[in-house]
1. Contact list please: Cβ distance under 8 Å, first residue in the range 105-116 and farther than 15 Å from Ile33 by Cα, second residue of a type in the set (D, E, K, R), pairs at least six apart or on different chains.
2. Go through the range 3-88 and tell me which helices (runs of 4 or more DSSP H), entirely inside it, have 1 or more residues that are touching a residue at least 24 places away in the same chain (Cβ under 8 Å) and farther than 16 Å from Lys107 by Cα.
3. Please work out which residue is farthest from Gln10 (Cα to Cα), limiting yourself to the range 105-127 and to residues that are in a strand (DSSP E or B) and in contact with a strand residue (DSSP E or B) (Cβ under 6 Å, 6 or more places away or on another chain).
4. Has the range 26-37 got any residue that is in contact with a helix residue (DSSP H, G or I) (Cβ under 9 Å, 6 or more places away or on another chain), surrounded by 12 or more Cβ atoms within 10 Å (Cβ to Cβ) and among the hydrophobic types (A, V, I, L, M, F, W, C)?
5. Say we look at the range 90-104 and pick out the residues that are assigned to a strand (DSSP E or B) and of a type outside the set (A, V, I, L, M, F, W, C); which of these is farthest from Ser60 (Cα to Cα)?
6. Which of (1) within 14 Å of the chain's Cα centre (by Cα); (2) loosely packed, with under 12 Cβ neighbours inside 10 Å does Phe62 not meet, given it meets every other one?
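Quick note: the coordinates plus some simple rules give every number you see, no bench work behind them. On a predicted model such as this, the values are computed, not experimentally measured, just so you know. As a convention, Cβ positions derive from the backbone with ideal geometry for all residues, glycine included, and neighbour counts pool all protein chains shown.
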Amino acid sequence: MVVTKKISLQTKGQCDITDITPQVEQQVAAADINSGTATLFVAGSTAGITTIEFESGLLSDFQGMWERNIPQNITYDHDRRWGDGNGYSHVRASLLGVSLVVPFNDKKLTLGTWQQIVLVDFDNRPRSRQIIVQIMGE
C-alpha cells in the first residue's frame, strides 16, 4: 500500500532549519500501514532534507559549515544569469539533497535517540515549502 501526504510550512530562508519530525510522525501514525518506509521529498531547488540532532550548538555548527564551504558572498554564474542572488542556495541544496527515506515499524519511525528530521531552507528569502511524504508498506 502507498499513501501520499503533504506537509506545508513557511520558512525564513538563510539556512533556516526546521524540525519536521513531529509532522512526519503524525503522518505515519495516521496511515493505515504498520511497517514500511516514509520517503520525504521537498519540492524546490533551494532547500534540502536530512537528519541531525536538533540542538542549538549543532545547528549553529551546521549553518557555519555551509557558509565556510559554499559561501554566499562569492560570484555564482546563476546570479549573473538571473540576478536573484541565490546561486549559493541552489548549490547547497543540491549537495544536501532533496529527499530522505526513513523506515518505520509499529507506526513508529526508527530514528536514533538524538536524531530528528529537518528541512533546511537555503534560499535568500522566506518561502512556502511543500514536503511530499510517501508512506509505503504493509
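1. Trp114/Glu53; Trp114/Glu55; Gln115/Glu53; Gln116/Asp19; Gln116/Glu53
2. Filter on the range 3-88 gives 56-69.
3. In the first step, residues of the range 105-127 are kept if they are in a strand (DSSP E or B); the result is 105, 108-109, 116-121, 127.
This time we only want the ones that are in contact with a strand residue (DSSP E or B) (Cβ under 6 Å, 6 or more places away or on another chain), so: 109, 116-121, 127.
On the way: Leu109: 24, Gln116: 19, Ile117: 16, Val118: 14, Leu119: 11, Val120: 12, Asp121: 10, Arg127: 6 Å.
Across the range 105-127, the extreme among qualifying residues is Leu109.
4. The answer is no, given that none of the residues of the range 26-37 is in contact with a helix residue (DSSP H, G or I) (Cβ under 9 Å, 6 or more places away or on another chain), surrounded by 12 or more Cβ atoms within 10 Å (Cβ to Cβ) and among the hydrophobic types (A, V, I, L, M, F, W, C).
5. First, pick out the residues of the range 90-104 that are assigned to a strand (DSSP E or B): 99-104.
Imposing the further condition that a residue be of a type outside the set (A, V, I, L, M, F, W, C) reduces the set to 99, 103.
On the way: Ser99: 22, Pro103: 28 Å.
Filtering first and then ranking leaves Pro103.
6. (2) is the only condition that Phe62 fails.
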